[in-house]
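So the structure is just underneath, and the comments pick up after that.
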Amino acid sequence: MQTIFLISLGAIVGANLRYFVAQYAGKLIPSGFPYGTLVINISGSLILGFFMVWATERVLVDPRWRLLIAVGFCGGYTTYSSFAYETFALFEQGRFLASSLNILATNVFCLAGAAAGAALARFV
């Protein structure tokens with residue numbers, strides 16, 4: 001039962017933060033391009049990369065923190081399904097350059113975010 005509680009608590013926080021970040025990004029950069037989803041996926045990748053390295057290499061934390069942060073929070077916060085649908089919608093609208101840019105930017109920057117998070121965890 002504690003496992004479900006920890007995952008659920010992290011997911012609630014992550015999902016709500018995802019909503020607010022997407023809303024803020026939409027107001028900050030009004031566009032037909034899904035910048036909010038891109039920012040969420042990059043920052044979520046950075047958080048997960050940092051946490052996993054920090055928690056396994058730098059500070060051996062209680063494994064329950066992985067449930068809360070990695071599974072719950074990051075699972076609720078990142079938006080791969082939104083990325084997939086928004087990219088498909090751009091493609092379906094004939095916005096081939098925008099859909100290709102979204103695929104490239106998400107993959108490159110999310111991998112870079114995970115690597116930056118891991119490097120940061122190893123540095124601090």
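Coordinate-derived values only; no laboratory data. Keep in mind the model is a prediction, meaning the values are calculated, not measured.
Could you tell me the relative contact order of the chain? Use alpha-carbon pairs under 8 Å, at least six residues apart, and round to a whole percent.
Rounded, it is 42 percent for the chain.
Round to the nearest 10 and give me the degree value, 0 to 90, for the angle of helix 2-28's Cα axis relative to the longest principal axis of the chain.
The angle comes out near 30 degrees.
Between the helical axis of 96-123 and the dominant principal axis of the chain, each derived from Cα atoms, what acute angle in degrees is found, rounded to the nearest 10?
Helix 96-123 sits roughly 20 degrees off the main axis of the chain.
Quick one: helix 80-92 against the long Cα principal axis of the chain, what's the angle to the nearest 10°, folded into 0 to 90?
Helix 80-92 and the main axis of the chain meet at about 10 degrees.
Convert each backbone phi in region 29-43 into a coupling constant with the Karplus relation 6.51 cos²θ - 1.76 cosθ + 1.60 (shift: θ = phi - 60°), then list the ³J(HN,Hα) values in order as whole Hz, x for Gly and Pro.
10, x, 6, x, 8, x, 4, x, 5, 4, 4, 4, 5, 5, 5
Would you kindly work out the equivalent ellipsoid of the chain from its C-alpha gyration tensor and give its semi-axes, the square roots of five times the eigenvalues, largest first in whole Å?
Its equivalent ellipsoid spans semi-axes of 29, 17, 11 Å.
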